[in-house]
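Everything on this sheet refers to the single structure shown next.
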Amino acid sequence: MLEHSVQNWQVRKPLARSRGGIVATQNRVAGEAGARVLAAGGNAVDAAVATGFALAAVEPWNCGLGGIGFMLIYAAKEDRVTAVDLGPVAPLGLDPADYPLAGGGVTTRDLFAWPSVKDDRNVHGPLSFAVPGHVDGLGLALEKFGTLKFADAIRPAIELAEKGIAADWFLTLKVATMAQELARYPTSRDVWLPNGFPPVTAPGAPLERLNLPRLSDTLQRLAGAGRRDFYEGEVAAAIVKDVRALGGVIGAEDLKRYRARIVEPLTTDYHEAQIALAPGLTAGPSMLRALNGLRDVHFQRNGPHADAFLAYATVLRDAYAERLATMGDTADARDPSTTTHLNVVDRHGNMVALTQTLLSVFGSKVVLPSTGILMNNGIMWFDPRPGTPNYLGPGKRPLTNMCPVIVRREGKPWLAIGASGGRKIFPAVMQILSFLIDHDLFLEDAFHHPRIDASGGDIVALDPRLPAAVRKALAEKFPTQLAELVVYPTNYACPSAVLHDARSRENFGVTDVMSPWSGAVTEDAYR
């Protein structure tokens with residue numbers, strides 16, 4: 001039984017459908033910016049880049065100029081999937097000696113159960129910064145696969161940043177959960193805790209607007225000077241100055257040397273579907289291992305039934321056991337991650353799956369005073385224990401949890417999917433893929449079907465809405481615990497997807513059921 005039941009309702013998200021393009025994202029306002037780009041003739045990459053930058057102004061605790069990410073692109077003209085790696089890199093000046101273990105068996109309380117580092121230097125503050133790849137990565141994708149100029153793609157973000165972010169109940173909740181941490185840093189406190197408290201709009205009053213000082217100026221500068229100004233120009237100089245003043249180690253050479261990379265995705269055939277996954281230090285390799293474990297499973301018809309969830313739990317536990325032993329990752333704590341994910345399909349068949357993140361909620365908790373950039377805390381991705389595979393070091397890339405996926409059927413683009421939610425991401429994406437491919441569920445039904453989470457450790461989390469027979473079968477084989485699907489905390493990942501139906505020639509989009517701001521937006525309303 002649940003120790004504490006926090007809801008008594010069933011929630012559904014509307015499905016978007018159109019013969020035109022669709023943007024599915026965790027923030028509908030940003031998705032509308034991408035839909036306008038599609039309506040004006042832009043392609044899926046143009047819309048994804050515009051949406052990705054817009055999210056910096058309307059969902060800034062999840063992603064932004066100080067963040068990183070990973071993108072998969074299906075380009076119809078080339079008929080192939082390409083990956084853009086805009087992942088984190090540790091500063092060259094990072095000294096592992098600056099991150100001594102605190103001792104005493106204490107673990108960090110934020111996201112990963114690493115042994116605690118002195119003063120939580122890897123969790124928040126200037127020594128937690130990894131070199132951001134967001135600006136260069138989105139700019140590179142636009143340059144290689146888009147049609148818009150960089151200035152035009154960033155324009156919606158500027159307009160949203162100038163307007164300010166609406167202080168509704170969800171913003172109040174997000175700020176309140178991190179108020180103690182944000183209060184540590186003067187600039188962050190000034191922005192996010194006006195008068196010392198989380199922003200609250202009075203009941204019945206028009207929504208107040210929370211200004212994000214200097215962010216629109218920085219976006220304006222990038223629009224005029226181009227993406228590399230973030231790494232080699234005026235913006236770069238301002239970043240380095242602020243970081244040094246705060247006691248951080250990111251220097252001019254770190255920014256100058258940073259380059260987002262175009263790389264080949266991992267690919268596999270799975271039950272008549274061709275699946276492209278993020279490669280390298282992402283969750284893609286673990287997803288591949290799990291799919292290999294499901295490949296020879298013969299599921300009962302008209303499922304998913306208990307046999308499917310037993311198979312899911314088994315392959316997920318095996319995949320995470322290998323991941324922990326060989327790649328150095330470790331278990332999630334209860335605190336949520338700050339990742340966001342978006343997908344785009346356009347009327348020409350191009351698709352994008354883009355995951356971008358600051359890692360923790362509000363990242364490092366540090367807003368740089370000269371630029372208004374909220375910095376990531378990517379150093380926390382590293383294992384602070386010397387000698388482990390994912391141990392921190394200068395210039396190294398850490399293991400991350402991002403898992404964007406693009407799927408083709410009969411060689412044609414079919415699905416772009418991904419999620420936010422730390423280590424819960426790939427279990428959610430894998431189950432939804434199986435719902436769609438193995439059990440032939442419709443997209444809307446797949447997203448509303450209850451799932452399990454087995455993202456490390458012994459316990460398998462069960463959504464109480466699962467049938468009693470499924471819960472009983474899992475409990476007989478694994479240690480289980482009921483965990484509700486709620487707005488907060490995020491007990492399960494927050495997925496989104498777009499799908500193209502070749503028979504009807506329609507596109508569909510859907511987003512996470514419990515994300516208040518999420519939505520799938522068609523281009524139709526803006527044409």
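Since every read-out is calculated from the coordinates, none of them should be taken as a lab result. This is a predicted model, so every value here is computed, not measured. Every residue, glycine as well, gets a Cβ built from its backbone with ideal geometry; the counts of neighbours run over all protein chains shown.
Here are a few things to note about the model shown:
- The reciprocal of the average 1/r between distinct C-alpha atoms defines the Kirkwood hydrodynamic radius, which for region 408-527 equals 15.6 Å.
- Ranking Ala44, Leu55, Gly87 by how far each Cα lies toward the positive end of the dipole of region 34-95 (charges on Cβ) leaves Ala44 at the top.
- Positive minus negative residues near Trp9 (Lys, Arg vs Asp, Glu; Cβ under 15 Å): +1
- Label positions at Val11 and Val200, each projected 7 Å from the Cα along the C-beta direction, are separated by 2.1 nm.
- Net charge of Cβ neighbours under 12 Å - reference Ala39; Lys, Arg +1; Asp, Glu -1: -2
- Working from Cα pairs under 8 Å separated by at least six residues, relative contact order for the chain is 26 percent.
- √(5λ) per eigenvalue of the Cα gyration tensor, region 207-285, largest first, Å: 35, 19, 14
- Links that overshoot a 24 Å alpha carbon limit, given the list Lys144/Lys412; Lys163/Lys241; Lys144/Lys365: Lys163/Lys241; Lys144/Lys365
- Cα gyration tensor shape for region 94-241, rounded if a/c is under 1.5, else prolate or oblate: oblate
- Gyration tensor over alpha-carbon atoms, region 1-146, equivalent ellipsoid semi-axes in Å: 36, 25, 13
- Charges were assigned to the Cβ only: +1 to each Lys and Arg, -1 to each Asp and Glu. The resulting dipole of region 373-527 about its Cα centre is roughly 480 debye.
- Global dimensions of the chain from alpha-carbon coordinates: Rg and Dmax equal 21.5, 62 Å.
- Computed [θ] at 222 nm, helices only, for the chain once each DSSP H run of length n ≥ 4 contributes -39500 (n - 2.57): -9500 deg cm²/dmol
- Applying a length cut-off of 27 Å (Cα extent along the axis) and a mean Kyte-Doolittle floor of -0.5 to the DSSP H helices of the chain leaves 306-326.
- Beta bridges by DSSP in the chain, antiparallel share as percent, to the nearest 5: 95
- If you take the Cα centroid of region 491-519 and the Cα centroid of region 66-82, the two points sit 18 Å apart.
- For region 342-378 and region 230-274, distance of Cα centres in Å: 12
- Alpha-carbon Debye profile of region 339-434, log10 I(q)/I(0) at 0.11, 0.12, 0.19, 0.22 Å⁻¹: -0.46, -0.54, -0.98, -1.10
- Exposure proxy ranking for His449, His348, His500, His298, based on other Cβ atoms within 10 angstrom of each Cβ and starting from the fewest, stands as His298, His348, His449, His500.
- Net charge contributed by nearby residues that have their C-beta within less than 14 Å of Arg295 (K/R +1, D/E -1): -4
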